[in-house]
Structure formats: structure tokens, C-alpha cells
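Computed from the coordinates by the stated procedures, all read-outs in this text should not be read as laboratory data. Owing to the predicted nature of the structure, the values given are computational and were not obtained by experimental measurement. Please note: Cβ atoms are built from the backbone with ideal geometry, for glycine as well, and neighbour counts cover all protein chains shown.
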Amino acid sequence: NTPTPASHQVISIAYPGAMSLDITGPMHVFATANDVRRKQGLPAFYTLTYAELQAGPLTLSCGLQIVTTHGLAQLPPSALSKNTTVLVPGGDGIEAAQHDEALRAWVQQAAPRVARLGSACSAARVLARAGLLDGLPGWIPRLQVQPVEHASHWVVHEHTERVALELQRFLLSKQ
């Protein structure tokens, strides 16, 4: 289900052999933030998009098969905005994905257009091969890491204290 109206698109770029946790973990946090907002009578904030080079089925590192809803060609970087976050998961398949020229070009073109471009673990190789880790302070001029116990800093950054507290309660209840 695509929540509407949403203010921010989150794109997770899968590839064969990606780690399922690196895809589903971050996306579940954003989905939970949407659930909390709905319970407060507010519209969902995030639209979650699962993409790959070509839309369709693929097998993740654990053998789980998923179906991505968008190919990268359907998400041209020129159509992305500062209301977009792009996430690249890690996983065993990163060995091949990091050398994929179409993925590298897409990430390079998307980077200056989106609010955030992140990677999980080994997927930093994709960003590095795209030249996006060179001169990191230039990309993030006021880089400050402030850990927030039991909450995602992205969600805390974009939402009220109440949403962060609700996420914290939810995450703690799952332990």
C-alpha cells in the first residue's frame, strides 16, 4: 500500500544477493512512523518504494524472493527531489552490484538531488565507486552525529518528539 498523501519518498534499491534485513529494517522504521502518524489522525509522511535495476522478482542473500515495484529507469534521477531518501542495502551480492555501471551512474546522478543517500554496511562500496565518499565534509557541511537511544535519527529529525517516543516504545516492546 502506498500511503497518500506523503511528503517524503524513501527508495530502497535492491539487487540480487542483497541482505533482506538491510532492506526491510530501515523501511520498517519508516512504515512504523507512518502507522504512528495514522494513529494520531495524521496522514502518512513516507511513501516507500522498492526498486532494482529492472523491476521484478529477485532473490536476496538469504534465499528470500521479493518483487521490486520499480526499475531505476522508472525513477529517473532528474525526477527526484529533496523530499527523497535513497538507501542502498549491503549483502553478499554487493560484489557484483558495486561494479554495475547503470547503478553507479544512477546513484551519482541522484546524489545531488535527494535529501539523503545512505548505505548499509558493505553497500558503501557502491557509494565509493560512484565517488560520493570523496570529500564527505563537502556533502555534509555541518556533520554532527547525535545518537538517539532506541530511535532512528532520520525519523527524529523529521517528526515530533511524540513520534520518536512512540517508535521507542514500539521497538522496546519487540525485544
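In table form, for the structure just shown:
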read-out	value
Theoretical FRET efficiency, 1/(1+(r/R0)^6), r = Cβ-Cβ of Ala105 and Leu172, R0 45 Å, to 0.05	0.60
Ranked packing of 21-32, 94-105, most packed first, by mean Cβ within 10 Å	21-32, 94-105
Cα-projected label distance for Leu133 with Arg38, points at 7 Å along beta-carbon direction, nm	3.7
DSSP-defined beta bridges in region 25-131 - what % are antiparallel, rounded to 5	40
Nonlocal amide H pairs with Ser119, under 5 Å, H built at 1.01 Å	Val88
